[in-house]
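A short worksheet on the structure shown next.
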Amino acid sequence: MADIIQVKNVSKSYWRDSIETSVLHDISLDIKEGEFMALMGPSGSGKTTLLNLISGIDKPTRGEIIINGTDISRLNESSLAKWRSNNIGFVFQFYNLIPVLTAFENVELPILLTKLSKAERKQHVETALNIVGLNDRMDHYPKQLSGGQEQRVAIARAIVTDPVILVADEPTGDLDRNSAGEILILMERLNQEFNKTILMVTHDPHAASKAHVIRHLEKGDLIQETV
Amino acid sequence: MKILKLIFKNSLRHKLRTALTIFGIAIAVIAFGLLRTVVTAWYSSVKAASANRLIVRQSVSFIFPLPYSYREKIAQVPGVKEVTFANWFGGTYIDKNNFFARLAVDADTYFEVYNEFVLPKDQLDTFKKERNSCVIGADIAKKYHLKLGDVITLDGDIYPGRWEFVVRGIYQPKFKSTDAMQMLFHWSYLDETMKQEMPGRAGDVGWFVVLINDPAQSASISNQIDGIFNNSTAETKTETEAAFQQGFIQSSSAIITSMNFISFVIIGIIMLVLGNTMIMSARERTREYAVLKTLGFSGKHLAGIILGESLLISFLGGGIGLLLTFPIVSGFSQFIPKGIFPVFEIEPITIIFSCGSAILIGIVAALFPIQRALTTRIVDGIRFSG
Ligand SMILES: Nc1ncnc2c1ncn2[C@@H]1O[C@H](COP(=O)(O)OP(=O)(O)OP(=O)(O)O)[C@@H](O)[C@H]1O
Ligand SMILES: [Mg+2]
């Protein structure tokens, strides 16, 4: 299958007080459509930074990132925002649900921006919540849910726009073993049944073992290693 | 709109903080409304003064009298249509708290010059004929339940003794700003009594009121009048009634100026109160705003959410404050002796000011948080733990 994500010679530096800190050095990485890739590496090696670049919430210092044929490093702020909402689903380590909104309303957030009617939105939200198995918790607020359930709501929010790519930054990092297991099974299903391309950062070898491909980052350099 | 729910839910996130902020804004709006009402009431008492009336008083102070004989000389100045006069009587009606102006006036001309005191012809005729009669304003009649034929007894202080007057007329105010809290009686009655009891004070007039044909001439006519009495024992100072009124309440003018100033300081304080609340909220929600941006929400959306919440709070506070201002101002006016301000009401301009301020405050308080939400980069926002 074709490469849906192409990272070409990407470097990323941060500046503080005109001192340059290079975080990623000349990274090149291709991800095929429908692939499930895990990204591992020690803390501070640049995993989150790379994920942010690929998902279009940060920009590379050098290099190109081509996703589905679009060079997203060239897009301006607002086209990038639009592009993100159409193409990428985000799952964060700390779920990042809006506490004053119910599970239903949280999942509805990304499609509030679309032209969908209220009834259509309801249908989409219910489908997404159905996939993560939380139909019965629609009217619960985040604080009325367990960590694992919160993360499942977050995953429903990530897939409600039906994006081709899912990015997840340590999605199980804050969960106990059981809940983490459920989330991983869900990720696998999204990959297999719904053909989502998944890029997942993780510290957990067990989690990484669900992926087809594991890549290691070490101090900003990519080391290839296939499972 | 779809994000209204989020705005509403956001504002309820810290119920106590939001409630306190709304309460604070409401209190400030009430204070603002009350202060503005005092200020506008003060100015309207000056505005109520007629432009074609001049007041001639003793040049040192209006507490010193002028001789009655000046009347003829003033009347001869070209451009003068009519000359009338009055004395401040003072005295006490029943008890000291009953404050209203009591003036000894020239019965023949006073109502001609003060044509905003509307008196039926038959009442005026009866008043003119009866030397110990008086005319009272409609507000006095209402407040003390007085009707034609009733007797008003005053305890004199400037003019000692017990004075009895029969009510023969009740005048209606022509304009809202017209003072309907005056009691007017015959100067000649007062003067006759003085002749008998204190001959030294007979013929004293408090001030003359000069009706002129053309308000544009007021300056030159004033100069001419004062010129006549230059170097006499009682020099005069002539000024327009508005200037006289202003001088009369000069002592309060510094207070009014500071009230004026404070009323706007209050607006500034509310801005800080709401601004503080909004900044705290925006800071706490740094991560959420970054998440919303990640999900594709634009800067405009975020600005709308923040501004919406700010306006919601400022409108609620402003609205509650404004609604409460009405009963509070009318309650307050009960404690102000009638006659100090001819009009004590919330003016439309005060309402406009309050509403305008609420909008302005809502916008200003949202500016900094919006700026912060827009300039925080997503990656920094997501990492933010605050
Ligand atoms: N916004 C930023 N400004 C400055 N330096 C940053 C910024 N974001 C990341 N860094 C630095 O870049 C390096 C890589 O950070 P990154 O968050 O990508 O690491 P990571 O591999 O995800 O680590 P962890 O496993 O702890 O999440 C770190 O040294 C970090 O301090
Ligand atoms: Mg990380």
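The values are calculated or read from the model by the stated rules, or taken from the named source; none is laboratory data. These numbers were taken from a predicted model, which means no experiment stands behind them. For neighbour counting, all protein chains shown are included, and Cβ atoms are generated from backbone atoms with ideal geometry for every residue, glycine included.
Just so you know, in the stretch B:284-298 the residues that are more than 8 Å from chain A (Cβ to nearest Cβ) and in a helix (DSSP H, G or I) include one that is nearest to the chain's Cα centre (by Cα), and it is B:Glu284.
Per the conditions (1) within 9 Å of another protein chain (Cβ to nearest Cβ); (2) of a type outside the set (A, V, I, L, M, F, W, C); (3) surrounded by fewer than 23 Cβ atoms within 10 Å (Cβ to Cβ), the sole criterion not satisfied by B:Ser281 is (1).
The residue that is modelled with the lowest pLDDT, among those in the stretch B:345-386 that are assigned to a loop (DSSP other than H, G, I, E, B) and within 16 Å of ligand 1 (Cβ to nearest atom), is B:Gly386.
Among B:Phe335, B:Phe326, B:Phe341, which is closer than 20 Å to B:Val38 by Cα, in contact (Cβ under 8 Å) with a residue 60 or more places away in the chain and more than 14 Å from chain A (Cβ to nearest Cβ)? Walk me through it before giving the result.
On the way: B:Phe335 fails: in contact (Cβ under 8 Å) with a residue 60 or more places away in the chain; B:Phe326 fails: in contact (Cβ under 8 Å) with a residue 60 or more places away in the chain.
On inspection, the qualifying residue turns out to be B:Phe341.
Taking first residues from the stretch A:50-70 that are touching a residue at least 40 places away in the same chain (Cβ under 8 Å) and more than 15 Å from A:Ile88 (Cα to Cα) and partners that are part of a helix (DSSP H, G or I) and within 16 Å of ligand 2 (Cβ to nearest atom), the Cβ contacts under 7 Å between residues at least 6 apart in sequence or on separate chains come to A:Pro60/A:Leu53. Between A:Glu77, A:Glu126, A:Glu105, the distinction of being more than 22 Å from A:Glu188 (Cβ to Cβ), more than 9 Å from every other protein chain (Cβ to nearest Cβ) and among the acidic types (Asp, Glu) belongs to A:Glu126 only.
Return yes or no: is A:Tyr95 among the aromatic types (Phe, Trp, Tyr), within 14 Å of chain B (Cβ to nearest Cβ) and crowded, with 21+ Cβ neighbours inside 10 Å? Criteria met by A:Tyr95. Can you confirm whether A:Ile57 is within 16 Å of ligand 1 (Cβ to nearest atom) and within 30 Å of B:Thr375 (Cβ to Cβ)? So A:Ile57 passes the test. Restricting attention to the stretch A:35-54, the residues being in contact with a helix residue (DSSP H, G or I) (Cβ under 7 Å, 6 or more places away or on another chain) and either away from ligand 2 (no atom under 13 Å from the Cβ) or more than 13 Å from every other protein chain (Cβ to nearest Cβ) (or both) number 5.
Inspect the stretch A:53-76 for any residue being among the basic types (Lys, Arg) and part of a loop (DSSP other than H, G, I, E, B) and give the result as yes or no. It would help to see each step written out before you state the result.
The initial filter retains those residues of the stretch A:53-76 that are among the basic types (Lys, Arg), namely A:59, A:62, A:74.
So of that shortlist, the ones also part of a loop (DSSP other than H, G, I, E, B) come out as A:59.
Looking through the stretch A:53-76, at least one residue is among the basic types (Lys, Arg) and part of a loop (DSSP other than H, G, I, E, B).
Looking only at the stretch A:4-43, count every residue that is farther than 30 Å from A:Arg189 by Cα and either touching a residue at least 12 places away in the same chain (Cβ under 8 Å) or aromatic (Phe, Trp, Tyr) (or both) and tell me the total.
Step one: list which residues in the stretch A:4-43 are farther than 30 Å from A:Arg189 by Cα, which gives A:9-26.
Retained after the next criterion (residues that are either touching a residue at least 12 places away in the same chain (Cβ under 8 Å) or aromatic (Phe, Trp, Tyr) (or both)): A:9-15, A:22-26.
Residues that pass the stated criteria total 12.
Restrict the check to the stretch A:64-73 and report whether at least one residue is within 13 Å of chain B (Cβ to nearest Cβ) and not charged (D, E, K, R). Scanning the stretch A:64-73, I find no residue that is within 13 Å of chain B (Cβ to nearest Cβ) and not charged (D, E, K, R), so the answer is no.
Across the stretch A:29-44, not a single residue is classified as within 17 Å of A:Thr70 (Cα to Cα), within 10 Å of ligand 1 (Cβ to nearest atom) and not aliphatic (A, V, I, L, M). Would it be correct to say that A:His212 is within 30 Å of A:Thr70 (Cα to Cα), away from chain B (no Cβ under 14 Å) and within 16 Å of ligand 2 (Cβ to nearest atom)? Taking the combined requirement at face value, the residue does not satisfy it.
Restrict the check to the stretch A:194-212 and report whether at least one residue is crowded, with 20+ Cβ neighbours inside 10 Å, within 16 Å of ligand 1 (Cβ to nearest atom) and farther than 23 Å from A:Ile4 by Cβ. No, the stretch A:194-212 contains no residue that is crowded, with 20+ Cβ neighbours inside 10 Å, within 16 Å of ligand 1 (Cβ to nearest atom) and farther than 23 Å from A:Ile4 by Cβ. Just to be sure, is A:Ser85 within 9 Å of another protein chain (Cβ to nearest Cβ), small (Gly, Ala, Ser) and buried (at least 19 other Cβ atoms within 10 Å of the Cβ)? It is true that A:Ser85 is within 9 Å of another protein chain (Cβ to nearest Cβ), small (Gly, Ala, Ser) and buried (at least 19 other Cβ atoms within 10 Å of the Cβ).
Going by what's in this entry, would B:Ala41 be described as over 20 Å from B:Thr350 (Cα atoms), part of a helix (DSSP H, G or I) and of a type in the set (Gly, Ala, Ser)? The answer is no for B:Ala41.
Within the stretch A:169-184, residues that are more than 21 Å from B:Thr294 (Cβ to Cβ) sit with their Cβ atoms under 6 Å from residues that are β-branched (Val, Ile, Thr), at 6+ positions apart or across chains, in these pairs: A:Ala180/A:Thr172.
Enumerate the helices (runs of 4 or more DSSP H) found wholly within the stretch A:107-218, keeping only those where 3 or more residues are more than 18 Å from the chain's Cα centre (by Cα), over 25 Å from A:Leu53 (Cβ atoms) and among the charged types (D, E, K, R). Show your work before the answer.
On the way: elements: A:118-131, A:147-159, A:177-192, A:205-208.
The qualifying helices (runs of 4 or more DSSP H) are A:118-131.
Residues that are of a type outside the set (Val, Ile, Thr) and closer than 16 Å to B:Trp207 by Cα within the stretch B:109-128 comprise B:Tyr110, B:Phe111, B:Tyr114, listed in sequence order. Only one of the listed residues (A:Arg152, A:Arg177, A:Arg137, A:Arg189) is away from chain B (no Cβ under 14 Å), of a type in the set (Lys, Arg), more than 16 Å from ligand 1 (Cβ to nearest atom) and over 22 Å from A:Gly89 (Cβ atoms). That residue is A:Arg177. In the stretch B:73-88, the residues that are under 9 Å from B:Val210 (Cβ atoms) reach residues that are among the hydroxyl-bearing types (Ser, Thr, Tyr) with C-beta atoms within less than 7 angstrom, at least six apart or across chains, in these pairs: B:Glu82/B:Thr109; B:Thr84/B:Thr109; B:Thr84/B:Tyr110.
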